[in-house]
Amino acid sequence: MNMPPSLSVVVIGRNEGERLVRCLQSIRLATAAIGSVEIIYVDSASHDGSPDRARSFGANVITVRPTRPSAAIGRNAGWRSAAAENVLFLDGDTLLEPGFVERAVAEFEDPTVAVVWGHRREVRPEASVYNRVMDLDWIYPPGPSDFCGGDALMRRKVLEAVGGFSEELIAGEEPELCQRIRARGLTILHVDQPMTRHDLAIERWPAYWKRAVRAGYAYAEVSQRLKHTAFPLWLRDARRNLIHAAVLLALGGAAPVMALLVGAWWPILLAATLALGLVLRSAYKARWKSRDLLTLVCYGVHSHLQQIPIALGQLSYWWDHWRGQPRFLIEYK
């Protein structure tokens, strides 16, 4: 009788190209010492030969062609065909770090731990200012956490118990899943261990903007879905974002109008001073994430600037909700 693999790795992707090859290579290298490993690649209708690339690595390839694509559909198709008790989820644009799987599996000795995730960092933070600042977005303190990202090790039996990822969501499916897991008294554990390196590949303003809009859509959709549960994730964050964006827009709009009315520059200078103070305050609060002053200042700008497209993402959710019209994926790459 064939023994089940010790680990199933589910990789999702669409037109990842050579990034997928590097991802699969990293899995082979990082899991070489842990026994039998099953690799499942779930492809969302790629046209760049990604399925053939995955097969060349011995991966079991599943193709999904949903009318309304989502990452949740791919992840569900992957874990439901997995044979191992522990399932590692990865995106096709990530590289698995050696040592993470061993560390994460060891945490499962505690039966209350359902999900383990580690540090995800950018492969090329120097490629653009967008990569540079969002590299810091991946940094979280270790310990029990409210949610994980797309890269995480999960117990298959827990996925079965909660029904997997919510396929109706176009983003935020991992945090939403984690709340249903936490409602069963289980723990989402973030460990102080390198987990993956990620190729965000955002080098232009439109991609940065779209990614923030997608985050806002997820904020609104997930917070509304969970607002009456034991763990109302992002409900306060969503409200705070709308207020934050409104204040920023009001500050930016009122200053030049006031300057015209009084015939002086001081309203604009005052608004600029307030904005600079907010940026420096955010940079100072994030100092534990980086020692580079310029990176921290850029991160401070990002912390406030992104609030506007995030708020637009929330408003687009409410517009779709009012019309009863489901939204398709908001792709930024």
* Asked: If you check Val279 against the conditions, is it within 19 Å of Ile139 (Cβ to Cβ), aliphatic (A, V, I, L, M) and in a helix (DSSP H, G or I)?
  -> yes
* Asked: If you take the residues in region 213-232 that are of a type outside the set (D, E, K, R) and closer than 30 Å to Ile27 by Cβ, which one is surrounded by the most Cβ atoms within 10 Å (Cβ to Cβ)?
  -> Val222
* Elements of type strands (runs of 3 or more DSSP E) contained in region 108-193, each with 3 or more residues being among the charged types (D, E, K, R) -> 113-122
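For (1) of a type in the set (Gly, Ala, Ser); (2) at pLDDT below 95, each residue gets a yes or a no:
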{"residue": "Arg240", "(1), (2)": "no, no"}
{"residue": "Leu251", "(1), (2)": "no, yes"}
{"residue": "Ala254", "(1), (2)": "yes, yes"}
{"residue": "Ala275", "(1), (2)": "yes, yes"}
{"residue": "Ala311", "(1), (2)": "yes, no"}
* Close pairs from region 241-267: first over 30 Å from Ala218 (Cα atoms), partner β-branched (Val, Ile, Thr) and part of a helix (DSSP H, G or I), Cβ under 6 Å, at least 6 apart -> Ala255/Ile268; Ala259/Ile268
* Asked: Has region 79-97 got at least one residue that is in contact with a His (Cβ under 6 Å, 6 or more places away or on another chain) and at pLDDT 90 or above?
  -> yes
* Asked: Here are some residues: Gln179, Gln193. Which one is among the polar types (S, T, N, Q), within 24 Å of Gly118 (Cα to Cα), in contact with a Lys or Arg (Cβ under 8 Å, 6 or more places away or on another chain) and touching a residue at least 40 places away in the same chain (Cβ under 8 Å)?
  -> Gln193
* Could you identify the single residue in Ala32, Ala54 that is in a loop (DSSP other than H, G, I, E, B) and hydrophobic (A, V, I, L, M, F, W, C)? => Ala32
* **Hits in region 233-267 - residues which are over 26 Å from the mean Cα position of the chain (by Cα) and either of a type in the set (Gly, Ala, Ser) or crowded, with 17+ Cβ neighbours inside 10 Å (or both)** => Ala250, Gly252, Gly253, Ala254, Ala255, Ala259, Gly263, Ala264, Pro267
* To do: May I ask you to list the residues in region 194-210 that are assigned to a strand (DSSP E or B) and either of a type in the set (Lys, Arg) or buried (at least 18 other Cβ atoms within 10 Å of the Cβ) (or both)?
  => Met195, Thr196, Arg197, His198
* **Which listed residue is touching a strand residue (DSSP E or B) at 6+ places or on another chain (Cβ under 8 Å), farther than 25 Å from Gly78 by Cβ and at pLDDT 95 or above, from Gly143, Gly185** => Gly143
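Each row is one residue, and each column tells you yes or no for (1) outside the structural domain of Ile243 (by TED's automatic domain parsing); (2) within 25 Å of the chain's Cα centre (by Cα); (3) farther than 30 Å from Glu168 by Cβ.
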site	(1), (2), (3)
Leu269	no, no, yes
Gly277	no, no, yes
Ser282	no, yes, yes
Leu296	no, yes, yes
Ser316	no, yes, no
* Does any residue of region 134-145 turn out to be buried (at least 22 other Cβ atoms within 10 Å of the Cβ), under 16 Å from Thr94 (Cβ atoms) and of a type outside the set (A, V, I, L, M)? -> yes
* Asked: Which residue pairs have Cβ atoms closer than 9 Å, lie 6 or more positions apart in sequence or on different chains, and pair a first residue in region 312-326 that is surrounded by 15 or more Cβ atoms within 10 Å (Cβ to Cβ) with a second residue that is charged (D, E, K, R) and not in a helix (DSSP H, G or I)?
  -> Ser316/Arg327; Tyr317/Arg327; Asp320/Arg327
* Asked: Given the structure, is Val162 surrounded by 17 or more Cβ atoms within 10 Å (Cβ to Cβ), over 24 Å from Leu329 (Cβ atoms) and over 18 Å from the mean Cα position of the chain (by Cα)?
  -> no
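The values are calculated or read from the model by the stated rules, or taken from the named source; none is laboratory data. Model, not experiment: these values are computed from the prediction. Cβ coordinates were reconstructed from backbone atoms using ideal geometry, including for glycine residues, and neighbour counts include every protein chain displayed.
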